[in-house]
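Report on the following structure.
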Amino acid sequence: MSSNMVLQKMLLMLTSFLVITWIIFVNSQNSTKLWTALDRSISFRPWNTFMKSSCPQTPMNLLIKSPTETELRLREILEKLDQQIPPRPFTHLKSTTSAKHSTATVLNPQHTYCRGDQLDVLLEARDYLGRRKEYGGDFLRARMFTPALKAGATGKVTDFNNGTYLVSFTLFWEGPVSLSILLIHPSEGVSALWRARNQGYDRIIFTGQFSKGTSHVLTECGLTLNTSTELCQYLDARDQEAFYCVRPPHVSCEALTHMRTKNRGISYLSEEEWSLFHRSNTAVEIVKKLTSIKVSSCNSESHNVKKKCHIGMKTPFPSGYTMKEKWITAFCKQNEFSATETITACLTRKLIYLMGDSTLHQWIYYLQKTVKTLTVFDYHGSGPFKTHVLLDAKRHIFIQWKKHGHPFVTEKLFSLKDDNYIPRQIDQVAGDRDTAIIITLGQHFRPFPINIFIRRVINVKKAIERLFLRSPDTKVILKTENTRELNQNAELFSDFHGYIQNLIMRDIFADLNVGVIDAWDMTVAYYSNNVHPPDSVIKSQIGMFLNYIC
C-alpha cells in the first residue's frame, strides 16, 4: 500500500471521527435544552406565566393535562345535571307555567295543627290556558311566616316530574301561620337559563391593569379569549385553572396588578325567552286563596334532647327557622352568642381564615362593630376587596378575609397581588384545633358555564383533604350561597344558578367532615332578597359558626 493511500485513509477516518463527535455534541445540547424545557413546563409557581399566540374557546384546552379523576367527576356531575334539567319546548308564553292558573291544595286539612306537625300542599302546575302541565322543572320557592313574631321558615319542594309538586312545611312555632309558594321561573325559563349559561364565557368583560413604571396600561382579560393576539396565560398547572390577558406591547405579563369587570351586554336568550324573565313574570305568588294555618302546642310538645352543634353534622332541609330575628336550628343544640363577652371568649386564641366573596366579607364588618377589642390591621391595600385582618393581640385573636380567585366580578378596581385560588390559600394554612377556615363560593360564578364552578369546588375539596392529612383537628365550615335580588339580570344572576351551585357543593362535600352554614335556607326564611343580607342574617350566620368552633 502506497504512502498516499495510507494518508488518504487516515484523513477519511479523522474526518469521520470529527463528524460523529459533532453530531453527538449537537444532540447532547438539544437533549439538554429539551429536558430543561420539559422541566420548566411541569414546575409550578402560584402565578406561572406562559406566552401563547392564541386562546381556545374553552379554558382547559391549552392546559398541560387534565387530571383524569377530576375530569371524570366533572363529567359525572354535568351528566346528572343535564338529566335533571332537560330541554323544554317553548313556543309561546301562554304554553308556559302560570302562577295564576296553577292550583295549591292542603292535603288532609285540619282546623288546628300541632307544633312539630308537617303540613303538605299539593301543587298542580297549569299553563296560561288552564291546561295541566305534563312535566316538572318549575323553579319554586316555598316559605311559611308569621309577621307578628318575625318568624319564617323554608318549605321543602318535591318535584314529581309530571306537573305536580309536594310542598312540605314543618310547623316550628305556635300561632297563626301564613303560607307562600312563589313561581320564580317556569320550567321553560329554567331550561333556557341552563342552555344559555353553558353556551359562552363572554358575558363579562374583564379589564386588566398592567403597571409600567408610573404609567398604567389597560387590556382585555378573561377565562377565555378568542383572539390571535399574543396572550399572557396565568396557569395553575396542578389544579388546571387558567386565566388570560391580551399582552400589552412592550409590557411583561408579570406586570398585571389590578382588575375590574363590567357586563358586556351579550345574551344567549331569544327575545321570546326574555319575556319569561320580566319582573312581572318572576317570583309570582301561587298560594293566594289558602287561609291562615292555626298552630297550637297541643300540650304534647316533645322535648327531644339534641346534641350540641358540632362539625360533621348532616344538616336537614329546612335546617331551622327564624323567631324574633334569631335563627333557631332544627338539628342541634345551640349556645347563645349574643353578648360581646361570650363571642370574645369563643374567639380567644383562634386563628380564623375567611375565604370567599363579599357575602363573607360582611362578617368582618359585623365582628368589627360587635367585638370592640378587635382592631383593623392596615394591609396597605386599596378598595373594599383588599385583604382584611382583625387582631386582638391580648387575646391572640386573628381573623382574616381574602377574596377567592378568578372569576371575581365587580366594577370596582381590585388588586391581584394578594390574590389566589382558595385551594392555594388552604395549602398555606398549617392548621390545628384552634384554627378555623370558612369558605363560600358562588355569586361570582353565576354568569359563567357551570364547569368552571364544578372544577373549583372539586379542587377546594382536594385541598381540604390535604389539610386534614396534616391537621385533622382543623375546623372547616362551608357557608352556602344566599339568595339575591329578583330584579337583576336573570341570565347572569338568577337564583336558579345559585340553587344549582348549592346542590353541587353539597354533593361534592357530602363525605367530608365539615360544618355547613345554610345561608340559602336562612335568607329564604328571613325573606332577604339581597345579595348582601341585613345584620340580623349575618348575626345568625356568625352565631352558627361560633357554635361549630366552641
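Each row is one residue, and each column tells you yes or no for (1) in contact with a Leu (Cβ under 9 Å, 6 or more places away or on another chain); (2) of a type outside the set (Val, Ile, Thr).
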position: Lys372; (1), (2): no, yes
position: Gly383; (1), (2): yes, yes
position: Pro423; (1), (2): no, yes
position: Val429; (1), (2): yes, no
position: Ala436; (1), (2): yes, yes
position: Arg456; (1), (2): yes, yes
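A Cβ distance below 6 Å, combined with a sequence gap of six or more or placement on separate chains, defines the contacts here; from region 345-358, residues that are over 14 Å from Val389 (Cα atoms) reach residues that are open to solvent by 30 Å² or more (accessible area, probe 1.4 Å) in the pairs Cys346/Cys550; Thr348/Arg395; Arg349/His396; Arg349/Asp434.
For region 424-433, enumerate the residues that are in contact with a helix residue (DSSP H, G or I) (Cβ under 9 Å, 6 or more places away or on another chain), assigned to a loop (DSSP other than H, G, I, E, B) and on the phi < 0 side of the Ramachandran plot.
Val429, Ala430, listed by residue number.
For region 434-470, the set of residues classified as out of contact with any helix residue (DSSP H, G or I) (no Cβ under 8 Å at 6 or more places or on another chain) and either assigned to a helix (DSSP H, G or I) or open to solvent by 10 Å² or more (accessible area, probe 1.4 Å) (or both) consists of Asp434, His444, Glu465, Phe468, Leu469, Arg470, listed by residue number.
Annotation for region 75-82: no member residue is in contact with a Leu (Cβ under 6 Å, 6 or more places away or on another chain) and either on the phi < 0 side of the Ramachandran plot or modelled with pLDDT of 95 or more (or both).
Screening Ile542 with (1) open to solvent by less than 30 Å² (accessible area, probe 1.4 Å); (2) within 21 Å of Tyr365 (Cα to Cα); (3) part of a loop (DSSP other than H, G, I, E, B) gives one miss only, at (3). Within region 101-122, restricting attention to residues that are part of a strand (DSSP E or B) and small (Gly, Ala, Ser), the residue that is least open to solvent (accessible area, probe 1.4 Å) is Ser102.
Given the residues Leu416, Leu391, which is the only one that is in contact (Cβ under 8 Å) with a residue 60 or more places away in the chain and either open to solvent by 10 Å² or more (accessible area, probe 1.4 Å) or within 15 Å of Phe243 (Cα to Cα) (or both)? Criteria check complete, one pass: Leu416.
Within 23 Å of Gly155 (Cα to Cα) and among the charged types (D, E, K, R): which single residue out of Asp535, Asp495 fits that description?
Exactly one of Asp535, Asp495 is within 23 Å of Gly155 (Cα to Cα) and among the charged types (D, E, K, R), namely Asp495.
Residue-wise test of (1) among the charged types (D, E, K, R); (2) open to solvent by 60 Å² or more (accessible area, probe 1.4 Å); (3) in contact with a strand residue (DSSP E or B) (Cβ under 8 Å, 6 or more places away or on another chain); (4) outside any loop (DSSP other than H, G, I, E, B).
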position	(1), (2), (3), (4)
Lys262	yes, yes, yes, yes
Gly312	no, no, yes, no
Thr315	no, no, yes, no
Trp327	no, no, yes, yes
Glu336	yes, yes, no, no
Ala345	no, yes, no, yes
Leu354	no, no, yes, yes
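Within region 180-197, how many residues are among the β-branched types (Val, Ile, Thr) and more than 13 Å from Ser102 (Cα to Cα)?
Here the count works out to 2.
Scanning region 175-190 for residues that are in contact with a helix residue (DSSP H, G or I) (Cβ under 9 Å, 6 or more places away or on another chain) and surrounded by 17 or more Cβ atoms within 10 Å (Cβ to Cβ) returns Leu183, Ile184, His185, Pro186, Glu188, Gly189, Val190. Inside region 129-158, residues that are open to solvent by less than 50 Å² (accessible area, probe 1.4 Å), in a loop (DSSP other than H, G, I, E, B) and touching a residue at least 40 places away in the same chain (Cβ under 8 Å) make up a count of 5. Residue count for region 159-174 under the criterion of being open to solvent by 40 Å² or more (accessible area, probe 1.4 Å), in contact with a Gly (Cβ under 8 Å, 6 or more places away or on another chain) and not β-branched (Val, Ile, Thr): the result is 4. Of the residues making up region 396-409, just one is in contact with a Lys or Arg (Cβ under 7 Å, 6 or more places away or on another chain) and not in a strand (DSSP E or B), namely His396. If you filter region 496-519 down to residues that are over 12 Å from the mean Cα position of the chain (by Cα) and closer than 26 Å to Glu188 by Cβ, you find that the one that is least open to solvent (accessible area, probe 1.4 Å) is Phe496.
Checking the structure you have, find out if any residue of region 520-529 is within 25 Å of Arg73 (Cβ to Cβ) and in contact with a helix residue (DSSP H, G or I) (Cβ under 7 Å, 6 or more places away or on another chain). Within region 520-529, one or more residues are within 25 Å of Arg73 (Cβ to Cβ) and in contact with a helix residue (DSSP H, G or I) (Cβ under 7 Å, 6 or more places away or on another chain).
Screening Lys100 on (1) touching a residue at least 60 places away in the same chain (Cβ under 8 Å); (2) in contact with a strand residue (DSSP E or B) (Cβ under 7 Å, 6 or more places away or on another chain) shows it passes everything except condition (2). Condition (residue is of a type in the set (A, V, I, L, M), touching a Pro at 6+ places or on another chain (Cβ under 8 Å) and closer than 27 Å to Leu74 by Cα) applied to region 229-236: is it met by at least one residue? Checked region 229-236: no residue is of a type in the set (A, V, I, L, M), touching a Pro at 6+ places or on another chain (Cβ under 8 Å) and closer than 27 Å to Leu74 by Cα. With respect to being under 18 Å from His404 (Cα atoms) and β-branched (Val, Ile, Thr), Ile549 falls outside the description.
The values are calculated or read from the model by the stated rules, or taken from the named source; none is laboratory data. Keep in mind that this is a model prediction, so the values were computed, not measured. Reconstructed Cβ throughout: ideal geometry from the backbone, glycine too, with neighbour counts over all protein chains shown. These area figures cover heavy atoms from the full protein model, side chains too; ligands, DNA and RNA do not enter into them. Shrake-Rupley method; radii C 1.70, N 1.55, O 1.52, S 1.80 Å.
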